[in-house]
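Input: a single structure, listed below in structure tokens.
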Amino acid sequence: NGVELFASGNFIGGTAAGAGNVISGNGQHGVMILNGMNNNLVQGNRIGTAVDGTTPITNLDTGVYLSGAEDNTIGGLAAGSGNIIGFNSNSGIFVLTGSGNSFYSNSIFDNGGLGIDLSFGGVTTNDPDDVDTGANDRQNYPVLTSVGADGVNITIAGTLDSTPSSTFTLQFFSNDSCDPSGFGEGKELIGTTSVSTDSNGDASFS
């Protein structure tokens, strides 16, 4: 593995120019965060690529692997905090167990598996009010209902069914082509918004 975290509160990379690492060419995972290793920040790194962010230097398993780890942040909302996670043989980010982990603003593309995978079994199916448990509480994904462009603006509309009376941050990405799974990957961040679900767990956005 490239980086294995065995303690909490670590900061891997950074948002300043030159602070990020190249974590690539490893025989297993690029970054591995294990049992009880919580509240780590992984920001501004190239994981599976060269320093240019476009040349493949493949990690032979996942880009970022989390097992039994909670409240870690991969990427972030501040400028420069997103990681480039590409060309890994398996998923870009894989969560086996653990909850409360956040994945923001990462450029995820050309990985062998899903861009973000919550445990085994492929795409996690949405469930009413998001009551299931497991990897990252098997968070429901937003469903897009329409995308339109007028030559200046792109308007994306959809719905989210999740935990009632809660606020969620949604991010929207583009890619050069659709993933074979039909779910991702997100290469270029094009927008961020927040939504609040009602007492039935429903929210809409545009």
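The values are calculated or read from the model by the stated rules, or taken from the named source; none is laboratory data. The model shown is predicted, which means the values in this text are computed figures rather than measured ones. Cβ atoms come from the backbone with ideal geometry, glycine included; neighbour counts cover every protein chain shown. With ligands, DNA and RNA removed, areas are computed over all heavy atoms of the protein, side chains included. Shrake-Rupley method; radii C 1.70, N 1.55, O 1.52, S 1.80 Å.
Residue check: L96 meets all listed conditions (1) over 25 Å from T193 (Cβ atoms); (2) part of a loop (DSSP other than H, G, I, E, B) but one, namely (2).
Just one of the numbered conditions (1) open to solvent by less than 30 Å² (accessible area, probe 1.4 Å); (2) in a loop (DSSP other than H, G, I, E, B); (3) without any contact (Cβ under 8 Å) to a residue 60 or more places away in the chain is not true of I85: (2).
Return the residues of the range 177-206 that are loosely packed, with under 15 Cβ neighbours inside 10 Å and either touching a strand residue (DSSP E or B) at 6+ places or on another chain (Cβ under 8 Å) or modelled with pLDDT of 95 or more (or both); say none if nothing qualifies.
Answer for the range 177-206, where residues must be loosely packed, with under 15 Cβ neighbours inside 10 Å and either touching a strand residue (DSSP E or B) at 6+ places or on another chain (Cβ under 8 Å) or modelled with pLDDT of 95 or more (or both): E188, I190, G191, T192, T193, S194, S196, D198, S199, N200, S204, S206.
Please enumerate the residues belonging to the range 41-81 that are polar (S, T, N, Q) and either farther than 22 Å from R138 by Cβ or surrounded by 24 or more Cβ atoms within 10 Å (Cβ to Cβ) (or both). Those that are polar (S, T, N, Q) and either farther than 22 Å from R138 by Cβ or surrounded by 24 or more Cβ atoms within 10 Å (Cβ to Cβ) (or both): Q43, N45, T49, T54, T55, T58, N59, T62, N72, S81.
Looking only at the range 125-134, count every residue that is open to solvent by 70 Å² or more (accessible area, probe 1.4 Å) and not in a loop (DSSP other than H, G, I, E, B) and tell me the total. Matching residues across the range 125-134 total 1.
The residue pairs whose first member lies in the range 155-171 and is closer than 16 Å to S206 by Cβ, whose second member is surrounded by 14 or more Cβ atoms within 10 Å (Cβ to Cβ) and β-branched (V, I, T), and whose beta carbons are closer than 8 Å, counting only pairs six or more residues apart or on different chains, are L160/V195; L160/T197; F168/V195; F168/T197; L170/V195. Within the range 47-57, the presence of at least one residue that is in contact (Cβ under 8 Å) with a residue 60 or more places away in the chain and either over 13 Å from the mean Cα position of the chain (by Cα) or not in a strand (DSSP E or B) (or both) is confirmed.
S174: open to solvent by less than 40 Å² (accessible area, probe 1.4 Å) and within 16 Å of the chain's Cα centre (by Cα), yes or no? Criteria not met by S174. Is it the case that the range 20-40 has a residue that's surrounded by 15 or more Cβ atoms within 10 Å (Cβ to Cβ), within 19 Å of the chain's Cα centre (by Cα), within 17 Å of I93 (Cα to Cα) and at pLDDT below 95? Yes, the conditions are met somewhere in the range 20-40.
Here's the yes/no breakdown for (1) open to solvent by 30 Å² or more (accessible area, probe 1.4 Å); (2) modelled with pLDDT under 95; (3) among the basic types (K, R); (4) more than 12 Å from the chain's Cα centre (by Cα):
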residue: S91; (1), (2), (3), (4): no, no, no, no
residue: V95; (1), (2), (3), (4): no, no, no, no
residue: G100; (1), (2), (3), (4): yes, no, no, yes
residue: Y104; (1), (2), (3), (4): yes, no, no, no
residue: G115; (1), (2), (3), (4): no, no, no, no
residue: N136; (1), (2), (3), (4): no, no, no, no
residue: Y141; (1), (2), (3), (4): yes, no, no, no
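Only one of T163, T159, T145 is assigned to a loop (DSSP other than H, G, I, E, B) and open to solvent by 40 Å² or more (accessible area, probe 1.4 Å). Can you tell me which?
On the way: T159 fails: assigned to a loop (DSSP other than H, G, I, E, B); T145 fails: assigned to a loop (DSSP other than H, G, I, E, B).
Among T163, T159, T145, only T163 is assigned to a loop (DSSP other than H, G, I, E, B) and open to solvent by 40 Å² or more (accessible area, probe 1.4 Å).
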